Amino acid sequence: MTARWRVSEPIAYGIDFGTTNSSIAVAYPDRIDVVPVESGSLAEILPSIVYLHRDRNRAAGREAVEQYLITGSQGTRCGSCEIADLLDRRGHHRCRQHRPGGGCQDARLLSGLKSDLANVEFQWTHSWAIDFKIEDLVAVVMSRLKREADHATGEDVRRAVIGHPVVFVGAEGREYRKRQKVAEARLSRAAARAGFEEVILLDEPAAAVMGEDLTEGIALAADFGGGTFDVAVLRFEPDGGEVIGLAGADIGGELFDRLLFLEKVAPALHLDDEFETRPGLKREVPNQFRKRLSTLSGLKVLLADSGSAAMLREFRAAKGGSRLDVVEEILYGGYAYGFYQSIEAAKIKLSQSRKASIEFHRPGLDISIPVERAEFEGLIAPHMDRVRREILTALEVANVQPDEVNLVLRTGGSSSIPAFVDILEDVFDPGIVQERPVYTTVVNGLATYAQGEWG
């Protein structure tokens, strides 16, 4: 039986949980409202960043960063920690980080959680005698989104349509189906922890075309986000539409940020230099350290690993090791979020300009690294070839030729990259390639789907 809703009564929420940013929209019987969740010019997006503190304080978004900037440098020695007195049934310390004479940070800042959903090896991350499962961390972001939407509607809404990529990061390969199911199950559990009782998962590119006024024909939606590239081919007929082809890859803006870091930033920070750590022994900083330092999501692993600090101390004690002082300041000085934002900002500028510069200036930190679009496009070229192949794969699955497509939509934070636009306009008639709002197209579609499902 179809529910009878008052015009002002919300039906459900649409939630776009992203690698970099997330958003929420309210489905009413007569409209869709995207909820402002932050202040400023990009109020409709919430950075997918989680703050944890030993006092059990949890936060998401800019609030998470602001709190971390205050508490991120604070720590507690094991000898003065009340958790050190807590033993399990076997007489072992409940805190796995406990070490005689050791200690840990009072706060953690986590990002890139969506990229860990398909990682079956990720069972939990441990701090302050607490095991945090990936769904617990994702739930912090979803809870913040739900809280903002509930405040806007004045209701406690328990239904949600949540978007997910065609291929989660790390799900590709022989175990695709297993890892994809793991990721989807974790996403559903996170929604339940956030207070949702009825949850539907929907492919993000399919959601991107939900609001399109296309009564008949073929549409292709290309959603290029922070962690994944997804493409869907849809056939529209007078009585509705259906998805007839899907493809995707774990390629997105965070990967491109990492490539920029490794190619341009790492040499400027002397991470590619050799250091004489022992007489007659010259070594480079371990590649694994450089790779993890290349993104904010990788940074969380370094901060959780006491061996990282010991390794950095060893290299800084070498002749000329003071060249790595900037690295230590970025890692442990509370500047990490702003630093990675500066890399992303340069990448974004390259979509409009031929040249950009990675600029980051704080007390004791003066980083200025020029980068040209041609360099950037050279770095991402192999991945853009993969993007082209995924588009053609989706068409092949749908048994559709490029000239049969009537509408091509591009959306997502990476969809303005000129090399990506060139691919779409090469494969399809440029006249049918259209851009949609980067941050709100998918969430609008998710809420639109909710209208049809529960309205």
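When T448 is evaluated against the numbered criteria (1) assigned to a helix (DSSP H, G or I); (2) under 28 Å from R354 (Cα atoms), which criterion, by number, is the only one it fails?
With respect to (1) assigned to a helix (DSSP H, G or I); (2) under 28 Å from R354 (Cα atoms), T448 is out only on (2).
Can you tell me which residues in the stretch 352-372 are closer than 30 Å to L324 by Cβ and in contact with a helix residue (DSSP H, G or I) (Cβ under 8 Å, 6 or more places away or on another chain)?
Residues of the stretch 352-372 closer than 30 Å to L324 by Cβ: 355-372.
Residues satisfying the conditions are K355, A356, S357, I358, E359, F360, R362, G364, L365, I367, I369, V371.
Can you tell me which residues in the stretch 345-366 are of a type outside the set (V, I, T) and crowded, with 20+ Cβ neighbours inside 10 Å?
Hits for the stretch 345-366 are A346, K347, L350, A356, F360.
Condition check: under 30 Å from D150 (Cβ atoms), among the β-branched types (V, I, T) and touching a residue at least 40 places away in the same chain (Cβ under 8 Å). Does I218 satisfy that? Write out each step before concluding.
Working: under 30 Å from D150 (Cβ atoms): no; among the β-branched types (V, I, T): yes; touching a residue at least 40 places away in the same chain (Cβ under 8 Å): yes.
Spelling it out, it is not the case that I218 is under 30 Å from D150 (Cβ atoms), among the β-branched types (V, I, T) and touching a residue at least 40 places away in the same chain (Cβ under 8 Å).
Please enumerate the residues belonging to the stretch 15-35 that are of a type outside the set (A, V, I, L, M, F, W, C), buried (at least 21 other Cβ atoms within 10 Å of the Cβ) and in a strand (DSSP E or B).
Result: D16, N21, S22, S23.
Would it be correct to say that G225 is small (G, A, S), within 23 Å of V421 (Cα to Cα), at pLDDT 90 or above and within 16 Å of the chain's Cα centre (by Cα)?
It is false that G225 is small (G, A, S), within 23 Å of V421 (Cα to Cα), at pLDDT 90 or above and within 16 Å of the chain's Cα centre (by Cα).
Pick out the one residue from T411, T393 that is in contact (Cβ under 8 Å) with a residue 60 or more places away in the chain, closer than 27 Å to I24 by Cβ and not hydrophobic (A, V, I, L, M, F, W, C).
On inspection, the qualifying residue turns out to be T411.
Taking interchain pairs and intrachain pairs at least six residues apart, which have beta carbon atoms under 8 angstrom, with the first residue in the stretch 16-27 and under 16 Å from A447 (Cα atoms) and the second of a type in the set (S, T, Y) and in a strand (DSSP E or B)?
From the stretch 16-27, the pairs are D16/S22; D16/S23; I24/Y13; A25/Y13; V26/Y13; A27/Y13.
If we keep just the residues of the stretch 36-54 that are surrounded by fewer than 21 Cβ atoms within 10 Å (Cβ to Cβ) and either on the phi > 0 side of the Ramachandran plot or assigned to a loop (DSSP other than H, G, I, E, B) (or both), which is modelled with the lowest pLDDT?
Only one residue fits best here, namely S41.
Any residue that is under 24 Å from K114 (Cα atoms), touching a Leu at 6+ places or on another chain (Cβ under 9 Å) and at pLDDT 90 or above - is there at least one of those in the stretch 237-252?
Yes, that holds for at least one residue.
Those residues that are in a strand (DSSP E or B), within 16 Å of N406 (Cβ to Cβ) and either touching a helix residue (DSSP H, G or I) at 6+ places or on another chain (Cβ under 6 Å) or among the hydroxyl-bearing types (S, T, Y) (or both), I need them from the stretch 214-261; list them, please.
I218, A221, V231, A232, V233, V243, I244, G245
Any residue in the stretch 314-332 that's under 18 Å from Y68 (Cα atoms): show its pairings with residues that are polar (S, T, N, Q) and assigned to a loop (DSSP other than H, G, I, E, B) at Cβ separation under 9 Å, as long as the two are six or more apart or on different chains.
Y332/S73
Table: residues versus (1) part of a helix (DSSP H, G or I); (2) farther than 30 Å from A107 by Cα; (3) under 24 Å from the mean Cα position of the chain (by Cα); (4) not aliphatic (A, V, I, L, M).
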residue: H270; (1), (2), (3), (4): no, no, no, yes
residue: F275; (1), (2), (3), (4): no, yes, no, yes
residue: R283; (1), (2), (3), (4): no, yes, no, yes
residue: R290; (1), (2), (3), (4): yes, no, yes, yes
residue: M311; (1), (2), (3), (4): yes, no, no, no
residue: V326; (1), (2), (3), (4): yes, no, no, no
residue: G338; (1), (2), (3), (4): yes, no, yes, yes
residue: S342; (1), (2), (3), (4): yes, no, yes, yes
residue: S353; (1), (2), (3), (4): no, yes, no, yes
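Within the stretch 333-389, track down each residue that is acidic (D, E) and either touching a residue at least 60 places away in the same chain (Cβ under 8 Å) or touching a His at 6+ places or on another chain (Cβ under 6 Å) (or both).
Within the stretch 333-389, E344, E375 qualify.
Kindly indicate whether any position in the stretch 407-414 is surrounded by fewer than 20 Cβ atoms within 10 Å (Cβ to Cβ) and more than 18 Å from G252 (Cα to Cα).
Within the stretch 407-414, one or more residues are surrounded by fewer than 20 Cβ atoms within 10 Å (Cβ to Cβ) and more than 18 Å from G252 (Cα to Cα).
Give the residue that is surrounded by the most Cβ atoms within 10 Å (Cβ to Cβ), with candidates limited to residues of the stretch 134-182 that are without any contact (Cβ under 8 Å) to a residue 40 or more places away in the chain and closer than 23 Å to R58 by Cβ.
D150
Go through the stretch 284-295 and count every residue that is without any contact (Cβ under 8 Å) to a residue 12 or more places away in the chain and closer than 18 Å to R323 by Cα.
Of the residues in the stretch 284-295, 1 are without any contact (Cβ under 8 Å) to a residue 12 or more places away in the chain and closer than 18 Å to R323 by Cα.
When the stretch 197-237 is examined, which residues are found to be surrounded by 22 or more Cβ atoms within 10 Å (Cβ to Cβ) and of a type outside the set (A, V, I, L, M)?
Selection gives E204, P205, D223, F224, G225, G226, G227, T228, F229, D230.
Give the residue, chosen from T71, T76, that is at pLDDT 80 or above, polar (S, T, N, Q), crowded, with 16+ Cβ neighbours inside 10 Å and more than 20 Å from G445 (Cα to Cα).
Details: T76 fails: at pLDDT 80 or above.
Unique residue meeting the criteria: T71.
The values are calculated or read from the model by the stated rules, or taken from the named source; none is laboratory data. From a predicted model like this one, the values you see are computed outputs, not experimental measurements. A quick note on method: Cβ atoms are made from the backbone with ideal geometry, for glycine too, and the neighbour counts reach across all protein chains shown.
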